[in-house]
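Everything on this sheet refers to the single structure shown next.
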Ligand code: FDA
């Protein structure tokens, strides 16, 4: 349903809607996929997941950062959640978005903000910090910053989007960096990215297989797609790949029972847990990926 997808992507990019939704707090069912608006409730969620043998990567939600002040506040929130994780002794690290740290304001400023987070991560238990992939227009800025940071820090990694024609080259460049492999969540033009599910899935499998056979660093396979997950399980078995060289990842609130099942089978599993007030853009991207997720919204409206 490409038209429906386009509508949700357009909504995710609408600044007015994002700002209004922020004031309202998670609604329309978003509370089922956002762990909480504050750090306390987020830590409670992580503790519950840890008890199921699932580690977490925490995303401090934030869209449309246009001032240095907002970027610095985001950086401080991220440092604060790392400090609280460390004190609570939970199994969690952070996933960050460089646009939230000022990438589109001043690249050097975003680099310094990210570096500060990495220094603090070192202080708080040397935890891993993942730099999420965003729109293609931000890719050059993101990779430039990662290239500077990876020389200095071992605890930094990033994400490869399988819909990009260039994804294999980007992945190969980062063979010694911890990577998350995803299909890709944004709307990109046909001269940049595959457009059909079949092409994206095919490339995604190609990337996963190549990475698992050749990487010198840990890999996260982030998908809710049971066909891909089953394929990976079989591939790993057939090729004697060490289960500790990779993990599966899913987004909080989607296919939770399936996530528990995979973890109980002895695979490493990590849940991506978003938290904070700025839920609208994130939620709209999830609806764009899978319009059936509108169920979450309908259940919320009719249960009122
Ligand atoms: P996809 O949407 O392709 O669905 C494939 C099939 O899986 C469906 O047909 C259905 O059968 C099944 N399925 C999927 N969802 C289901 C559900 N909720 N219930 C039941 N069945 C379901 N993107 C990005 O651009 N940058 C990033 O940094 C990240 N980070 C990230 C982290 C994590 C942990 C995840 C899981 C995803 C991301 N993404 C991302 C998003 C990613 O790029 C992609 O858009 C979504 O994961 C959707 O693709 P899937 O592979 O999950 O399934």
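Just checking the listed ones, 55, 95, 264: in the Gaussian network model of the chain with Cα springs under 10 Å, the one fluctuating most is 264. With a Förster radius of 41 Å applied to the beta-carbon distance between residue 143 and residue 7, the computed FRET efficiency rounds to 0.85.
Here the contact order of the range 35-278, divided by its residue count and restricted to Cα pairs under 8 Å and six or more residues apart, works out to 23 percent. DSSP finds beta bridges in the range 98-222, and of those with both partners inside it, around 10 percent are antiparallel.
Residue exposure proxy: 191, 93, ordered by other Cβ atoms within 10 angstrom of their Cβ from fewest to most, comes out as 191, 93. Summary of packing: across the peptides 238-248, 116-126, the per-residue average of other C-beta atoms within 10 Å ranks them, highest first, as 116-126, 238-248.
Once C-alpha pairs closer than 8 Å and six or more residues apart are averaged by separation and normalised to the residue number of the range 36-150, the relative contact order reads 25 percent.
Output the direction-averaged projected area (hull surface divided by four) of the convex hull of the alpha-carbon atoms of the range 35-278, in nm². Present the calculation step by step, with values, prior to reporting the outcome.
Details: hull surface 49.1 nm².
Quarter of the Cα hull surface area: 12.3 nm².
With neighbours defined as other Cβ atoms within 10 Å of a residue's Cβ, the residues 285, 180, 290 order from fewest to most as 290, 285, 180.
Each DSSP beta bridge with both residues in the chain is either parallel or antiparallel, and the antiparallel ones are about 5%.
Each value in this text was obtained by applying a stated rule to the coordinates, not by laboratory testing. Keep in mind it's a predicted model, so treat the numbers as computed, not measured. Note: ideal-geometry Cβ built from the backbone for every residue, glycine included; neighbour counts use all protein chains shown.
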